């Protein structure tokens with residue numbers, strides 16, 4: 001597809017329209033309307049001179065000449081499917097470049113290892129996804145990288161005072177809304193912390209895990225973020241049949257991420273990428289239906305006598321939590337489709353509820369077409385110490401729901417009968 005972005009008086013199509021064909025030229029693939037799966041390990045050069053030129057660019061031995069494009073070499077470096085997917089991923093967040101990965105954790109760990117070195121420090125929000133928490137608190141310290149966590153609502157001054165003046169902070173990592181509490185972090189304030197630790201010689205990066213709302217309902221780059229990270233397994237794929245991840249940002253930063261990806265070998269495979277391209281075509285309509293269903297479910301839970309508290313962005317009110325409400329209105333385009341709630345009782349009652357569900361599936365993950373339910377304290381966040389879980393608001397009585405695209409009345413019926421058990 002031709003890029004008309006620089007031409008005047010040309011219609012600028014929305015991302016959901018461009019997802020059908022952006023970056024793909026049917027004439028290069030026998031006229032096939034959909035991009036084929038380029039299931040190949042290596043690519044043939046026209047001549048030795050071309051091979052040399054491609055490798056010079058791939059390994060940064062020289063800069064691109066005007067109008068020169070990086071050629072295809074080997075699927076660990078690049079592949080037509082990867083390039084087209086990454087071009088389309090950029091559209092929602094208006095990013096300059098994207099890198100796709102074999103999983104969300106591959107994207108996060110590669111980003112960490114690209115920009116953090118021994119002696120550096122990372123500041124991160126709490127809670128975060130359990131796998132991220134483990135990597136931050138167990139893997140990074142083994143490489144001599146210090147980590148400092150903070151909870152939503154803590155002021156920048158408190159964070160800076162806790163970290164201290166001597167820390168060599170190179171990255172602020174934020175997960176907002178937080179998994180599983182839906183806690184919100186002000187991206188603008190986080191950006192201010194990053195600037196505090198930046199200087200003329202070194203920039204402190206702000207990286208945001210946007211999985212819970214993105215890429216449709218929140219766009220961190222517009223609020224000062226440098227990197228966006230996704231578990232593309234979730235909404236981007238949305239069918240519980242793919243494991244994948246993504247990292248988005250500027251050309252300069254993603255180029256560095258891709259160098260690390262090349263040598264870690266953590267890129268997504270052509271078939272996975274092809275499945276993600278398929279899923280992107282229906283991303284917005286799926287997420288719109290999920291949001292609509294989530295509102296119905298949340299309102300039901302809010303009024304149920306066996307539910308103690310509901311964690312849902314749509315229930316934020318200015319008079320009750322002015323700061324969180326302001327953040328929500330400023331950086332979120334929707335309340336999303338993730339709901340957590342505290343059932344009256346404890347783990348026993350939570351387990352009885354989960355074991356009684358008939359339509360909801362008792363499974364981890366989120367953002368898929370089917371509705372899922374899980375117990376964060378003993379499942380996705382089980383590696384976090386119980387006392388730390390409680391500090392983050394993750395209790396034995398908490399249940400997390402990912403709302404799918406089923407009939408909303410059927411979802412309510414299932415929750416109702418399970419709560420009655």
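The values are calculated or read from the model by the stated rules, or taken from the named source; none is laboratory data. Owing to the predicted nature of the structure, the values given are computational and were not obtained by experimental measurement. No Cβ is skipped: glycine too gets one built from the backbone with ideal geometry, and neighbour counts run over all protein chains shown.
What the table shows:
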quantity: Residues of region 48-87 classified as in contact with a helix residue (DSSP H, G or I) (Cβ under 6 Å, 6 or more places away or on another chain) and not in a loop (DSSP other than H, G, I, E, B), total; calculated: 3
quantity: Breaking point among (1) within 28 Å of residue 284 (Cα to Cα); (2) surrounded by fewer than 24 Cβ atoms within 10 Å (Cβ to Cβ), for residue 137; calculated: (1)
quantity: Filter pass, residue 200 being touching a residue at least 12 places away in the same chain (Cβ under 8 Å) and not assigned by TED's automatic domain parsing to the domain that holds residue 292; calculated: no
quantity: Condition broken by residue 123, with the remaining ones in (1) closer than 30 Å to residue 395 by Cα; (2) surrounded by fewer than 17 Cβ atoms within 10 Å (Cβ to Cβ) satisfied; calculated: (2)
quantity: Qualifying residue in region 67-75 (condition: more than 21 Å from residue 256 (Cα to Cα) and over 31 Å from the mean Cα position of the chain (by Cα)); calculated: yes
quantity: Tally of residues being over 12 Å from residue 104 (Cβ atoms) and under 10 Å from the mean Cα position of the chain (by Cα) across region 186-211; calculated: 1
quantity: Tabulated pairs, region 21-38, first part of a helix (DSSP H, G or I), second surrounded by fewer than 13 Cβ atoms within 10 Å (Cβ to Cβ) and at pLDDT 85 or above, C-beta under 9 angstrom, 6+ apart or interchain; calculated: 26/32; 26/33
quantity: Flag if residue 134 is more than 28 Å from residue 323 (Cα to Cα) and assigned by TED's automatic domain parsing to the domain that holds residue 249; calculated: yes
quantity: Boolean, residue 271 is in contact with a strand residue (DSSP E or B) (Cβ under 9 Å, 6 or more places away or on another chain) and at pLDDT 95 or above; calculated: no
quantity: Unmet criterion (only one of (1) surrounded by fewer than 24 Cβ atoms within 10 Å (Cβ to Cβ); (2) in contact with a strand residue (DSSP E or B) (Cβ under 9 Å, 6 or more places away or on another chain); (3) at pLDDT 95 or above; (4) part of a helix (DSSP H, G or I)) for residue 243; calculated: (4)
quantity: Subset of region 125-143 [touching a strand residue (DSSP E or B) at 6+ places or on another chain (Cβ under 8 Å) and free of Cβ contacts under 8 Å to residues at least 60 places away in the same chain]; calculated: 136, 137, 140, 141
